[in-house]
Structures are given as C-alpha cells and as structure tokens.
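Reviewing the structure listed below.
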Amino acid sequence: MNTSLRISLSSVALLVLAVWLNLVGDVSTFQPDFAEPIINISVAIGRDATFTCHVRHLGGYRVGWVKADTKAIQAIHENVITHNPRVSVSHADQNTWNLHIKQVTEDDRGGYMCQLNTDPMKSQLGYLDVVIPPDFITEDTSSDVIVPEGSSVKLTCRAKGYPEPVVTWRREDTTEIVLKDAAGTKQLVNSYRGEVLKLTKISRSEMGSYLCIASNGVPPSVSKRISLSIHFHPVIQVPNQLVGAPLGTDVSIECQVEASPKSINYWVKDTEMIVSSPKYHVQDTPKSMYETKMSLTVRSFQKEDVGSYRCIAKNSLGEVDSSIRLYEIPGPNRKVYAPKYGTDQNDIVKPGQERTSGKSKLSYPPDDEEQQYGGGSAEDFDEIIDTMQHQHGHSHSHSQKPTARSPFGSLDHPNSINGRGGGSANGHNGGGSSSNGGNNKNLIAMMNNDMATRKPFVIPPGGRGPAGDGSLEGSGAGRPGSQVHLVVLVLVVGSCWVAMDHRLRRQCLLLS
C-alpha cells in the first residue's frame with residue numbers, strides 16, 4: 001500500500017512539472033513589455049497626481065509600483081502595499097495601469113517606477129515634481145517704516161517657494177524708484193529686482209508705498225505693501241502774497257503746505273483765528289501724502305477786510321507761517337474820466353457826431369457861439385453879407401486904406417456892389433461919393449427883408465436886379481466888374497469862415 005501511494009505522488013509531481021514546463025514555454029514565447037514611456041508630472045502642492053503605465057502582452061505577469069529614491073513598494077498589481085492612505089491603484093484593462101497620489105506634498109516629490117516581474121525585471125521611471133507657489137517669510141520681511149528726511153533705509157522682502165521665487169520692487173503710484181550709488185549718482189528705474197531695496201539720502205518725494213512682488217511661475221504670485229513715511233518739519237509756499245479785489249466781491253487766498261506727519265493748519269488775522277462762518281470759508285484740500293492746499297475765501301470784501309492774513313502750519317517737528325495781504329482795487333462799475341484826445345488839440349468831436357478815424361478826439365460841449373454860428377447855413381451867410389454891406393457903406397466916405405474895421409480896404413473898388421463906386425440905378429455915375437446912400441439903404445432894406453424871410457441871398461444871373469434892368473436897386477452892380485468883386489469878397493469871407501477857430505470867426509467877419 002505504501003508502494004502504491006509513493007507511485008501516485010510521483011505521478012502527480014511529474015504532472016505538475018509537465019504543466020509548469022508548458023507554462024514556461026508559453027511565457028518565453030510572449031514576453032511582456034511597455035507600450036509607451038511614463039509621462040513626468042508637475043503639480044502644485046495639495047493637488048492630485050496620477051501616473052499611467054502602458055503594458056503589452058502582460059499575460060500572467062504582474063505590475064508593481066515602487067518609489068525610486070526610497071525603494072518603498074507602493075502597490076503590486078491590484079493591491080496597495082504602502083501605508084500611505086493617499087496612494088491607490090487602478091487599471092482599465094490588462095494594458096493600462098494607474099498609480100494615484102492625492103493631495104501631494106513635498107515628500108511625494110521624486111521618481112516612481114512601473115515594474116514587470118519578468119526575468120530579468122523590466123521597469124520604467126516617471127518623475128513627480130511638486131511645485132510650491134511663492135510666499136513671504138514674515139520674520140524676514142520689512143513692515144512699515146518711518147525715517148527722517150535725508151537718512152537711509154533698507155526694505156527687505158524674503159520669499160519661499162519651489163522653484164525659488166524672484167522678488168521685484170515697484171512703487172504703488174507707478175512713479176520711478178530713485179537709486180543712488182556710493183558717489184551719490186542717481187538712477188531712476190521703474191522696477192528693481194532683489195530681496196533688499198536700499199534707499200540712501202531719501203527725500204520727501206520718495207515717500208509712499210512700495211510693493212515687493214514674489215513670483216516663480218507657479219500661480220498665484222504674491223505681493224506685499226510696505227509704507228515708507230518720511231518725517232520733516234512743515235514748509236509753506238504762497239503763490240500770491242499780494243491779492244487785490246473790488247469791494248463787494250468774494251476773494252480767495254491760498255497757501256501750499258508740505259508737512260509729515262500731517263500738520264494742523266489754520267488762518268489768523270490780527271491775532272484772531274479765522275474759522276468758517278457766513279463771512280469766511282476755510283478749507284484744507286489734501287494733494288498727496290504730505291501736501292495740502294489751505295484756502296480762505298472772504299465773502300463780500302469790504303474796507304475793514306483789507307489787511308494781512310497769516311496761514312500757519314504746525315506738527316510735532318516744528319511750526320511755520322506766511323502772510324498774504326489783501327487790498328482794494330477799482331471795481332468794473334467804477335467810472336474813469338479820461339479826455340478823448342485826437343491827433344490835434346484843436347480837433348473837435350461834436351456830441352452825436354460820428355468819428356471818421358480810429359483815433360480819439362477831445363470833446364467839448366457846444367457853447368453859445370458854436371450854437372449861433374455852427375453849421376454854416378444859408379441864413380448865417382445872409383447875416384454875414386448884411387453886416388459887410390452895412391460896414392462898408394459907412395466906411396466908404398472916409399478912406400480906401402485898411403482900418404481897424406476894414407483890413408481889406410484894397411477891395412473897395414469903384415465898381416464894387418457896395419455903392420461906393422460905379423453907376424447908379426438911374427444910370428448916373430456916383431463918382432465914389434455918398435450920393436448913393438439912399439440906394440444903399442434900399443439895398444440894405446432888401447437884404448434885411450431876405451433875412452426876415454430866411455431866404456438865401458442870391459445874385460441874379462447876368463448881374464440883373466429884381467427889376468430885370470441890370471441894376472441892384474440903385475447900386476453900381478450893373479457894371480460887369482461889380483460881379484467879379486462880389487465873388488472875390490465872398491471867397492475871402494468863406495476862407496475866413498473855414499480856416500479860423502470858431503471863437504475867432506465872428507471877429508474875422510466883423511473886421512471884414
């Protein structure tokens with residue numbers, strides 16, 4: 001019986017060996033290999049990562065996952081070996097095998113191998129890169145800084161991340177950063193790269209907020225705002241120290257103040273502080289971190305408002321003031337009397353008369369003589385002729401020489417129409433005597449009659465009188481020469497009228 005049992009076990013062993021040899025022959029015939037390489041993965045910390053291994057002709061072989069740097073087995077086929085709960089495996093078919101790592105950390109960074117348990121073993125490697133966005137190291141980064149004007153300061157920003165971040169500085173208001181070297185040479189830049197920004201001999205214009213920005217290509221980039229305050233005592237600038245305004249108007253004055261820290265600003269007049277009221281309007285308008293415009297409006301400016309106004313600025317570092325003086329100026333409704341001078345002081349512009357040139361002329365109000373003789377009308381000319389006839393009629397019997405009454409004695413010709421020479425109306429020669437006085441009276445009466453009717457005196461055509469017989473009511477004008485002398489006399493009188501000043505015309509005419 002024992003012999004039979006031994007034979008049976010030997011038969012089973014031979015059978016198993018035959019089957020194993022058969023399997024080995026089949027495996028050697030179809031060796032598994034990788035269809036494509038594993039793709040490297042770069043993922044931000046805290047995200048999930050997945051490696052995929054593509055295999056052909058796997059057959060009865062198994063797929064395993066191993067972390068390359070630590071040789072720690074992650075999984076074999078469908079079983080997870082590691083104790084890391086964030087690691088898992090999956091496969092879609094016998095050709096696609098996946099390794100999943102959830103919420104990766106920096107410790108997960110490294111190489112992962114996909115292995116086939118062939119002889120010799122086959123494997124391929126994929127790399128997991130865990131990147132970290134930038135962040136600032138609080139203890140190594142500057143906070144807000146306060147320094148006095150003219151000193152130096154270092155602003156520091158240190159950041160961490162993977163890859164290593166790059167730090168860039170900019171000003172929040174987009175103005176340029178002032179860099180100075182050891183020799184004091186200035187360089188203006190829009191941005192500066194480096195963890196430490198050094199500012200030397202800083203001025204108030206460099207006051208403001210500075211931004212340090214850290215980036216490494218992994219979103220998001222981060223930035224930090226550092227405020228740089230520069231302290232200095234107040235300074236006042238006054239655009240206009242003298243301001244004039246008409247009475248009854250609103251007038252404004254202003255002072256430009258620069259101070260850091262912020263100053264207390266106020267106005268003073270005659271040792272009394274001015275506050276907003278119905279009379280005054282006080283306002284402070286910030287222009288920048290350290291600039292302020294002080295303005296004061298005086299409503300309905302009056303004489304008692306004339307004087308000096310002081311603007312005062314005070315902070316913890318000092319106090320400063322400046323003065324502005326208000327004065328009165330003529331208003332737009334105030335009349336200014338100015339003579340209207342022309343090119344000649346004798347130029348006259350009568351009221352209502354249009355100017356004939358662009359130049360000003362001196363205007364006078366019309367006087368009595370201007371009103372009496374101005375205009376040169378025919379009636380005025382009748383009166384002139386009447387006066388001349390009367391004067392020459394009385395002076396004929398004395399002398400033909402010029403006198404104070406008749407400077408034009410040379411015009412007393414025997415043939416003149418004055419009746420001092422020439423033939424009479426009856427055809428008799430008067431011989432230059434006073435025998436024609438009666439006829440002269442008739443002539444004067446006729447001319448006075450014309451003046452009464454305000455008709456112009458007209459010489460009849462051809463030297464004929466009203467009777468048409470060639471005489472002028474008994475005068476000697478019937479002769480041809482009498483008309484010529486009349487024309488000459490009229491021309492002389494007209495020249496006297498035009499050439500002389502209106503105040504001298506009457507004297508000229510009386511002398512004529």
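The values are calculated or read from the model by the stated rules, or taken from the named source; none is laboratory data. Being a predicted model, the structure only gives us computed values, none of them experimental. Here the Cβ is made from the backbone with ideal geometry for all residues, glycine too, and neighbour counts use every protein chain on show. Heads up: the accessible areas ignore ligands, DNA and RNA and are worked out on the full protein's heavy atoms, side chains in. Shrake-Rupley method; radii C 1.70, N 1.55, O 1.52, S 1.80 Å.
Values for this structure:
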quantity: Label-point gap, in nm, between N95 and L125 - each point 7 angstrom along Cα→Cβ; calculated: 2.8 nm
quantity: Pairs of Lys in the stretch 154-286 closer than 28 Å at Cα, counting only those 8 or more apart or on different chains; calculated: 22
quantity: In Å², nearest 10: area of M294 left accessible to a 1.4 Å probe; calculated: 0 Å²
quantity: Accessible area in square angstrom per residue, the stretch 192-332, 1.4 angstrom probe; calculated: 52 Å²
quantity: Summed side-chain charge close to T138 - residues other than T138 whose Cβ falls under 12 Å, Lys, Arg +1, Asp, Glu -1; calculated: 0
quantity: L242 accessible area, 1.4 Å probe, all protein chains in place, Å² to nearest 10; calculated: 120 Å²
quantity: Contour excess over end-to-end distance, with Cα ends at I73 and K201 and 0.36 nm allotted per residue; calculated: 39.9 nm
quantity: Value of D in µm² per second that Stokes-Einstein yields for the stretch 183-262, Kirkwood Rh from Cα pairs, at 37 °C (0.692 mPa s); calculated: 188 µm²/s
quantity: Quotient of C-alpha Rg and 2.2 N^0.38 Å, computed over the stretch 40-122; calculated: 1.07
quantity: Potential extension, S143-Q302 segment - 0.36 nm per residue separation minus Cα distance; calculated: 51.8 nm
quantity: Full-extension gain in nm, D321 to Q31, via 0.36 nm per residue minus C-alpha separation; calculated: 94.6 nm
quantity: Accessible surface of the stretch 198-306, 1.4 Å probe, proportion on carbon and sulfur as whole %; calculated: 52 percent
quantity: Nitroxide proxy distance, nm - points 7 Å out along Cα→Cβ at L179 and T249; calculated: 5.3 nm
quantity: Translational diffusion coefficient (Stokes-Einstein; Kirkwood radius from C-alpha pairs) of the stretch 83-160 at 20 °C, 1.002 mPa s, in µm²/s; calculated: 121 µm²/s
quantity: Where a label projected 7 Å from the Cα of K262 along Cα→Cβ would reach, residues of the stretch 287-311 with amide N under 19 Å; calculated: 287-296
